[in-house]
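Comments concern the structure below.
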Amino acid sequence: TGKEGEEADQEASQAAAAGEDAFTNGPDVSVEGFDAATMETLRVDRLTEQSIFGIDGEQIGDVGDIVLNAEGEIEALVAEVGGFLGLGQKQVAVPFSEVTILQATNSDEIRVYTSYSEQDLEQMEGMN
């Protein structure tokens with residue numbers, strides 16, 4: 001049982017470490033077939049052009065770009081909201097602390113969630 005206990009401890013510490021690196025700063029979202037994306041499973045450059053969803057599951061915008069701080073860490077996602085066929089879109093910064101990123105367990109699909117609504121994003125100050 002000593003070996004089993006060691007394995008259980010190792011699994012628990014791996015799970016705790018994964019939790020520290022998980023992109024789950026924002027709303028508590030659970031979607032069947034998706035797990036929290038971690039720094040080990042998701043390349044940050046794959047975030048651009050991904051859809052942004054509200055907690056109700058409705059698409060409210062797209063990730064247009066990523067804002068990094070001086071240390072190279074993600075500070076915000078640039079959300080493209082509003083408009084039609086790319087015309088009249090507004091770009092706003094969604095703080096990374098307000099975002100949860102999920103990755104499909106059996107595919108490369110990524111979902112970005114925030115507690116903001118589309119109306120909330122449209123009312124934010126736009127980026128230049």
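For this structure, a couple of remarks:
- Cβ-based charge dipole, the stretch 65-111, positive-most Cα from 88, 102, 78: 88
- Charge context of residue 32, other residues only, Cβ under 13 angstrom, K/R +1, D/E -1: -1
- Our coupling estimate for the stretch 95-110, obtained by passing each phi through the Karplus curve with A = 6.51, B = -1.76, C = 1.60 and θ = phi - 60°, is x, 4, 5, 9, 10, 10, 10, 10, 10, 4, 6, 10, 7, 8, 5, 10 Hz, Gly and Pro reported as x.
- Remark on residue 61: its backbone amide H falls under 5 Å from those of 52, a criterion applied only to residues 5 or more positions apart or on other chains, H modelled at 1.01 Å from N.
- J(HN,Hα) series, the stretch 31-46, from Karplus relation 6.51 cos²θ - 1.76 cosθ + 1.60, nearest Hz, glycine and proline x: 10, 4, x, 10, 10, 4, 6, 10, 4, 7, 9, 9, 7, 4, 5, 6
Values in this text are rule-based calculations from the coordinates and carry no lab data. None of the values given here were measured: they were computed from a predicted structure. All Cβ positions, even for glycine, are placed from backbone atoms using ideal geometry, and neighbour counts span all protein chains on display.
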